[in-house]
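A short write-up of the structure that comes next.
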Amino acid sequence: MTTGQAKTVLILKPRGFCAGVVRAVEAVERALEQFGPPIYVFNEIVHNRTVIRDLEARGAIFVRSLQDPPAGARVFFSAHGVSPQAWNAARARGLQVIDATCPLVSKVHMEARDYIRRGFSLIIIGHREHDEIIGLLGEVPAETPVVETPEQADRVEVAHPERVAYLTQTTLSLDETGEIIARLRARFPRIAGPKAQDICYATQNRQTALKAIAPEVDAVLVVGSENSSNSLRLVEVAAKAGTPSYRIDGVEEIQPEWLAGVTTLALTAGASAPESLVRQVVAELQRRFGFENVRETGAIEENVRFTLPAAVAAKA
């Protein structure tokens, strides 16, 4: 970049909340308004620290066990989905479940049940410890393998290699997932997969927008929490382009050394990060680090909307 050039922040579009996150967060907010606190949420409703804190302040109680809420309480299932076993546990305790599972995650669950019903061995591509995969594994036989890397794809074994299918987590890296699928196809030429890929539109769009700009900037900041899979994948996308990239939960995590010598900075946000955080980061970059020019870039438009769960939509 030219010496003396005014520092510039390029805010990527699209960024931040996807339709599934909007639906889940709005559903909890409406439940708090309609029914009053406490409203219980099984697991984090979305993977963002700020969103969780804000909802807690309004009366949401986040639990990791369905034994924690009182019998008969209202309980949300998070956007990441849950296993059939979780549904059974909720019914056994008479919990009033409001299902905030993202419809795109529900689609993967339906695909898994269909493949198992038709006698396929299944391979799950994703991160075993992620809430989405934990829920999905409840739909499939215990021996179903989870593949996280291309190298694991080279070694994975299934009971019926002549009748095998794959499904993926919705928040993965497009490039790495494509490589994993290619390696699986090399080993299992007749492997079946979903008609439309499982990686969600928002994950695709945010990665595509970042790929286009990452080679042209000095550094990338990604707003998102450490347990947000799609935020971590954005950091990887920029790094793969050779551009230094850093994930932050908020302005307090920005390190001055990251921005030393940086003239043009790209800023994006994972699908569970609110726009308010992006705006706070922009203000901090202007005030503290001298980034005078701020402009939005990106041509991908998103118009996806999901209807709210019936329990809260009825009184909207």
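The values are calculated or read from the model by the stated rules, or taken from the named source; none is laboratory data. From a predicted model like this one, the values you see are computed outputs, not experimental measurements. Ideal geometry is used to build each Cβ from the backbone, glycine not excepted, and the neighbour counts take in all protein chains shown.
Some points to look at:
- Scanning the range 96-103 finds one or more residues that are part of a helix (DSSP H, G or I) and more than 24 Å from Lys211 (Cβ to Cβ).
- Yes/no for Thr203 being surrounded by 22 or more Cβ atoms within 10 Å (Cβ to Cβ) and either within 30 Å of Ile254 (Cβ to Cβ) or in contact with a strand residue (DSSP E or B) (Cβ under 7 Å, 6 or more places away or on another chain) (or both): yes
- When the range 160-181 is filtered for residues that are closer than 22 Å to His109 by Cβ, in a helix (DSSP H, G or I) and of a type outside the set (Ser, Thr, Tyr), the ones remaining, listed by number, are Leu174, Ile180, Ile181.
- Picking from residues in the range 251-285 that are of a type in the set (Ser, Thr, Tyr) and within 23 Å of the chain's Cα centre (by Cα), the one that is farthest from Tyr201 (Cα to Cα) is Ser276.
- From the options Ala260, Ala266, residue that is of a type in the set (A, V, I, L, M), within 18 Å of Ala6 (Cα to Cα) and surrounded by fewer than 13 Cβ atoms within 10 Å (Cβ to Cβ): Ala260
- Residues (of a type in the set (A, V, I, L, M) and either in a strand (DSSP E or B) or crowded, with 21+ Cβ neighbours inside 10 Å (or both)) located in the range 113-132: Leu122, Ile123, Ile124, Ile125
- Among (1) in contact with a strand residue (DSSP E or B) (Cβ under 7 Å, 6 or more places away or on another chain); (2) in contact (Cβ under 8 Å) with a residue 60 or more places away in the chain; (3) crowded, with 21+ Cβ neighbours inside 10 Å - the single one Val51 does not satisfy: (1)
- Leu136 being in contact with a Phe, Trp or Tyr (Cβ under 8 Å, 6 or more places away or on another chain) and not in a loop (DSSP other than H, G, I, E, B): no
- Cβ-Cβ distances below 8 Å connect the following pairs, each with a first residue in the range 75-89 that is assigned to a helix (DSSP H, G or I), a second residue that is charged (D, E, K, R) and at pLDDT 95 or above, and a separation of six or more residues or different chains: Pro84/Glu139.
- So Val251, is it closer than 21 Å to Asn48 by Cβ, out of contact with any Ser or Thr (no Cβ under 9 Å at 6 or more places or on another chain) and of a type in the set (A, V, I, L, M): yes
- The combined condition, being under 14 Å from Val97 (Cα atoms), assigned to a helix (DSSP H, G or I), touching a residue at least 40 places away in the same chain (Cβ under 8 Å) and polar (S, T, N, Q), is not fulfilled by Gln34.
- Applying a threshold of 6 Å to beta carbon distances and a minimum spacing of six or more residues, or different chains, the list of pairs starting in the range 211-227 at a residue that is assigned by TED's automatic domain parsing to the domain that holds Gly270 and over 19 Å from Pro256 (Cα atoms) and ending at one that is among the acidic types (Asp, Glu) and crowded, with 16+ Cβ neighbours inside 10 Å reads Ser225/Asp249.
- Test: residue in the range 54-71 that is in contact (Cβ under 8 Å) with a residue 24 or more places away in the chain and assigned to a helix (DSSP H, G or I): yes
- Residues that are crowded, with 19+ Cβ neighbours inside 10 Å, outside the structural domain of Ser78 (by TED's automatic domain parsing), more than 26 Å from Ala86 (Cβ to Cβ) and touching a residue at least 40 places away in the same chain (Cβ under 8 Å) occur in the range 159-176; there is at least one.
- Test result for Glu252, charged (D, E, K, R) and either in contact (Cβ under 8 Å) with a residue 12 or more places away in the chain or touching a helix residue (DSSP H, G or I) at 6+ places or on another chain (Cβ under 8 Å) (or both): no
- Scoring Ile248 on the criteria (1) crowded, with 16+ Cβ neighbours inside 10 Å; (2) under 30 Å from Ser106 (Cβ atoms) leaves a single failure, condition (2).
- Search result, residues across the range 1-46 that are of a type in the set (S, T, N, Q) and either more than 20 Å from the chain's Cα centre (by Cα) or within 20 Å of Gln280 (Cα to Cα) (or both): Thr2, Thr3, Gln5, Thr8, Gln34
- The listed residue being out of contact with any Phe, Trp or Tyr (no Cβ under 7 Å at 6 or more places or on another chain) and of a type outside the set (A, V, I, L, M), out of Gly20, Gly16: Gly16
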